[in-house]
Structures are given as C-alpha cells and as structure tokens.
1. Does any residue of region 79-101 turn out to be out of contact with any helix residue (DSSP H, G or I) (no Cβ under 8 Å at 6 or more places or on another chain) and within 30 Å of GLU447 (Cα to Cα)?
2. Regarding LYS349, is this residue basic (Lys, Arg), at pLDDT 80 or above and in contact with a helix residue (DSSP H, G or I) (Cβ under 9 Å, 6 or more places away or on another chain)?
3. Scan region 31-58 for residues that are outside any strand (DSSP E or B) and within 15 Å of PHE324 (Cα to Cα) and report the count.
4. Taking the stated definitions as given, is TYR217 in contact (Cβ under 8 Å) with a residue 24 or more places away in the chain, closer than 27 Å to ASN126 by Cα and aromatic (Phe, Trp, Tyr)?
5. Please work out which one of (1) open to solvent by less than 30 Å² (accessible area, probe 1.4 Å); (2) assigned to a strand (DSSP E or B); (3) within 24 Å of SER111 (Cβ to Cβ) is the condition PRO69 fails and give its number.
6. Criterion first (closer than 30 Å to TYR329 by Cβ, open to solvent by 80 Å² or more (accessible area, probe 1.4 Å) and either in a helix (DSSP H, G or I) or among the polar types (S, T, N, Q) (or both)) does TYR230 satisfy it?
7. Looking at (1) closer than 26 Å to SER450 by Cβ; (2) in contact with a strand residue (DSSP E or B) (Cβ under 7 Å, 6 or more places away or on another chain), can you tell me which one THR370 breaks?
Amino acid sequence: MNIEELIRIHDRNQFEIKLGYLINHKKKKTEYDINLYFFLPNNLGINRYNYSNSQFFEDLYGYVRLITPKSSLPDLTERIKSIINSMNLKKDNIDKHFGYINYELKITICSYRAYLRDFAKKVKKNHYSNENINNLVKEIQAFRHEIKKLPAFTENTNQQPLKDLLIFTDEYSSLLTVMYIFRIYDFLSKNKSDINAQILNMINNEIEYRKLRGMSYASEDDSKNEELIYKYSVFKKYFYNILFLFQKRREDAVEFRHFLYAIAAGIAMIFATTVAFLSQKKYGNFTLSFFVALVISYMFKDRIKDLFRQIFENKLFFRKVFDFRNKIYDPERYNLFGFYKERVRFINKNQIPEKILQTRLQKADSSLSTWYTGEDIMKYEKKIKLNNKKILKSFNDKIEGLNDIIRFNVNHFIRKMDDPSVTLHTLEKGMKKITASKVYHVNLVIEFKSDEEHSSYKVRLILTKDGIKRIEIPGYDIILTNS
C-alpha cells in the first residue's frame, strides 16, 4: 500500500482514506478486512451513549471504483488513433457504436489524467530529467493533436449524447493539460530547474485554443473562474463514471433480527398464557380476580417482550451481526462484482489487539498522551469479498483492482471544542500578545488484512474548533496540512 496515498485532507471538515483491493488473477474470489480504530479523547464528549451508529454512518461517505488502468502517453495516443480510424470506417452508422466509443474515450481520458498526475508527483520529488520533460511535451502535443480531431465527427451523428461525448473529450483533455502542466511548471520553478521554454509555449498554445473554441479558461474574471471550476468538477464525474461501481445497501441479517424478535414475543406470550390458565383455574371465568390477573399478565407481557428484545440486541445481535451489507455492481451491465459488510462499535481497552495497541502507542511515550489521560475507542469494521473472474470478464482493459474511498466528516468531533485560538504573552522583542492554536489530537489506526498482507498504520488528526488543521503519519514523518 502506498502510504502517501493512504490519507488526505479533503476539506476543512473532511478527510479521505484511500484503500486498494488488488485482484488475484489466480483465485476466483479474494477477501479483505479493514478495521479503523478511532481513539477519541474523553474531553470531546464522543462515546457510546451520545454518538449512535446512525450518526456515524451519516458522517461516513464511501464509494468504490476501479483502479484507473495505467498506460504510457504514446499508447494512449495510439488508442485515440484506433478510435478515430474506427469512426471513419463507420461514419454512416456511428450512432450504433456509441457504447464502444463511450467506453474507449472515457477510459483513455481517465488514464491520461492518471499519467499527468503521476508525472507531476515525480517532478515534485525531483525525480526527472530534462529529457523526461522534453519527451512529455512532445507526447502531450501528439496526444492532443489526435484528440482535436474528435469534434469534427459531431456532423456524423444526430445523437446529442455522442455529440457531447466528443466535445467534452476535447475540452476536458485540454483542461487537464493546462492544469497539470501549470503544476509541473510550478514544481520546476521551486526546484530551481531550468524552465523549458516548450512548457510555457505549450500552455500558451492550449489557452489560445480554448479561447478560439469558446472554452472556459482561468482569468481575472471571477465569474469565468467559477464557471471553469464548476465545469472541471462536472467533467471529472462525467468521465470517471465509467470506473465507479454501483452500490446497493441494506441492513444486515434483517431476517435473523425478526426471528429473534419473534422469539422474544413468544417468551412473553408463554408468560401471559401461563398466567391466564393458572388464574382461570384458580378464580374461574368472569370474576374480578381473573380480570385483574389478565390485565397484569398483559402489562408484564409487553415489558418481557421488550426486555428480551434488548437482551438479544445487546448480547447476541449487536456483537455478532454487522450494521449493513452492501452489494457492488457494474453500473453498465449490473453484474455482481462482490459485497462488503460494515459495522461500528465502541469497544473497551481490553478488546484491542496487541498489534493495534503497539501501533497506537507509536511515538506516544509521553505520559501526557490522551491514551493515559482517557480515551473512548470506536472501531469501524469492513469485510470485503470480490468476485475476481466477473470483474475481469466485464472490462476490455487489464484491471488491477478496486479503490475504496472512505470520506469522514469530523463535525461531530469538534462541536464541544473550545475556541480555536488562545491568547499568550511573550517577552521576546518586548512584551506583547500572541495567539496560539488550541488543538485536539484524535489518533486513528488503520488495519489492512488480506491473504498476502497484514499491516497497520497510525494517523494523528490535529483538530481545532474550525476543523482539520493537519494530519500526521508519525511512523513515516509525513505531515499533511489543510492548504
């Protein structure tokens, strides 16, 4: 697992965990277990009595998608050429091949974005050469040259969805090019590298092309920038829907729950019937004593039923059964790719596995750690089963596996926090007032288990009343800031 992609700050109030489930081509099915342990300081006021399962799942948002197929830029260019050649041969009935064109173009654009993103990361780490930059510029120009041919095919179709697809492919790939090349340019400047004039020239040419085609571009006009950001968000969802998988959720073991409720009702009925028979035998029919006995038996029957329902819920159902069961489908053909079960429970310290405890205490040797001053522990469990063969048969591309994105909102955690800043005094350079952040630490241990791997990672959320200030991964000296 790539630790640098494990977690990120999504916005001021939300963080994202990204997990990868690889497909084993030799096995029919694969299984993964994910456990998230939240170590919540007592002063946050989050515990089993005031933070329910339903509140947790309101704060949790997750989605599953295929891992983007990886390709080199020359391969992606050849793929676009192949699509164009196919459309040239089928100009007269191009509408009938919308499914093929839609899949090929969307997958290609997703791979193009992934390639630019990964290249930008290499440049940021200074893992590049001038030759790499020169090759990138040439390869992007070749790719965009082919993409620009797509809008011309709108004349061969009357279907608006196909027209939109061809135009959007050109516009979104252009937008991606400008965005990531600007990012690469920025990283090159920070590394004090010789700026390649080709990069600036390519950016300028792409912006001029966007102006000529009436596309949005960054400027000092706030309304146009707003439109640009909105379009980027819509385009991303439009193209990535080819990778996103549909999920169908239901409560887990509903039939078992109702069976237990029926047993509880049966026990209560046995009590009521027994009282009725005994009182009838002793007092006879149509007597006041018999009437009072029936009323009392009815009163206790309801209480006994609720008592046993609660016992079954707490002692059996709540401990053994999961909260939800989610089926994962291919949205296009509705093939069942797998399912996962999930639940959340507050646990005691003696229920924490030794490996998780060691990870939690990693770089926390101070007696001021909230582990020693008091924490409530919440455990989120997720068990995944994937049908490898069905997934592989459903796509033309080589699929590595699935990405599971878990997004969590910390608003409930910060409700009872103090103000985000505190006034201090200092004598440095004369007496003056300064402000310092009032922060709270929430430690999170992420456990990942499969047949091939069993690993755990400690993450520390640094929170204030305003939200997430930063995220630390102590074992790897990684700090993510909310910027």
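The values are calculated or read from the model by the stated rules, or taken from the named source; none is laboratory data. It should be emphasised that the depicted structure is a prediction, and the values quoted were computed from it without experimental measurement. Because the Cβ atoms are built from the backbone with ideal geometry, glycine has one as well, and the counts that use them run over all protein chains shown. Please note that ligands, DNA and RNA were not included when accessible areas were found on the heavy atoms of the full protein model with its side chains. Shrake-Rupley method; radii C 1.70, N 1.55, O 1.52, S 1.80 Å.
1. no
2. Yes; evaluated as a whole, the condition is true for this residue.
3. Of the residues in region 31-58, 7 are outside any strand (DSSP E or B) and within 15 Å of PHE324 (Cα to Cα).
4. Here the answer is no, as TYR217 does not meet what is asked.
5. So PRO69 meets the others, but not (2).
6. yes
7. Of the numbered conditions (1) closer than 26 Å to SER450 by Cβ; (2) in contact with a strand residue (DSSP E or B) (Cβ under 7 Å, 6 or more places away or on another chain), the odd one out for THR370 is (1).
Residue-by-condition table, conditions (1) under 30 Å from THR169 (Cα atoms); (2) at pLDDT 95 or above:
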{"site": "ASN35", "(1), (2)": "no, yes"}
{"site": "PHE38", "(1), (2)": "no, yes"}
{"site": "ASN42", "(1), (2)": "no, no"}
{"site": "TYR49", "(1), (2)": "no, no"}
{"site": "TYR63", "(1), (2)": "yes, no"}
{"site": "PRO69", "(1), (2)": "yes, no"}
{"site": "LYS81", "(1), (2)": "yes, yes"}
{"site": "MET87", "(1), (2)": "yes, no"}
